[in-house]
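Rule-based calculations on the coordinates, nothing more; no lab input. Source: prediction; values computed, not measured. Note that we place each Cβ from the backbone using ideal geometry, even for glycine, and neighbour counts take in every protein chain shown.
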Amino acid sequence: MPINVVYLQRCKKKSKRGDEKSPLFILKMLEDKVKELLQAYFDTRTNLFLIQLDVNDNNIKVVIDGDDGVTVDDCVAVSRSVEHNLDRDELDFALEVTSAGATSPLTAPRQYSKHIGRTLQVKTIENEKYEGTLSFSNDEIIKLKWKAREPKPVGKGKVTVQKEIELNYNQIQQAKVKLKF
């Protein structure tokens, strides 16, 4: 699907919101084209996957992650696969390809599996907060385990107990890996 952006840019001043010549339509076409190019690349590199794609004005921001992490070479390769298939003569754009940072929240179920055994801080949509070791993840749920001190059932004092919670992804508002130094 070739994008005749020059024509669309000339027309956008005359257009109204929602018609084929509007800036929103242009951005949607550009976003669809970039998604198509990214999918074609990720089909050849199955260990990498898309976390976020933002297209606004002439700025394209792509955030990727990988099952084995992401290298600078991976970001360069993704950038080239997009940039070489868009015509700079037709559209002036800025392209930024980055990896999901160590302190970035986990957003895709696929990200959780590579963090099994690490400590996560999880905030639910009900504003409950948990911090525990990620012991299990699949496409639907995660399981966190942690130790807590609770009062003894009988008598004075406290006892250490093992706690576990199972959360569906739709219950999670935010989850971050707790970094240890």
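Net charge near CYS75: determine it from the other residues with C-beta under 14 Å of the C-beta of CYS75, scoring Lys and Arg +1 and Asp and Glu -1.
Details: positive: ARG45, LYS61, ARG80; negative: ASP65, ASP73, ASP74, GLU83, GLU96.
That sum, taken over residues with Cβ under 14 Å, equals -2.
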Give the distance, in whole Å, between the Cα centre of the range 81-113 and the Cα centre of the range 20-63.
8
Correct choice for Cα extents along the principal axes in Å that was computed from the model, options (1) 80, 37, 27; (2) 62, 35, 28; (3) 87, 51, 33
(1)
Here, TRP146 and LEU24, labelled 7 Å along Cα→Cβ, have an inter-label distance in nm of 4.3
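What's the extension gain from PHE42 to ARG118 if we count 0.36 nm per residue and subtract their Cα-Cα distance?
Details: separation 76, 0.36 × 76 = 27.36 nm, distance 2.67 nm.
That pair, PHE42 and ARG118, stretches by 24.7 nm at full extension.
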Strictly over 20 Å apart at the Cα level, which of LYS61/LYS123; LYS33/LYS176; LYS143/LYS176 would you flag in this model?
LYS61/LYS123; LYS33/LYS176
Helix 23-44 axis, angle to the chain major axis (alpha carbon atoms, nearest 10°)
60
Starting from the range 72-128, pick out the trypsin sites (Lys or Arg not before Pro) whose DSSP state is loop and whose Cβ has at most 11 other Cβ atoms within 10 Å.
ARG88
Taking the number of other C-beta atoms within 10 Å as the exposure measure, put LYS176, LYS156 in order starting with the fewest.
LYS156, LYS176
Hand me the GluC sites (Glu not before Pro) from the range 131-168 located in a DSSP loop with no more than 14 other Cβ atoms within 10 Å, in residue order please.
GLU140
If one takes the longest principal axis of the Cα atoms in the chain, at what angle in degrees, from 0 to 90 and to the nearest 10, does the Cα axis of helix 72-83 lie?
30
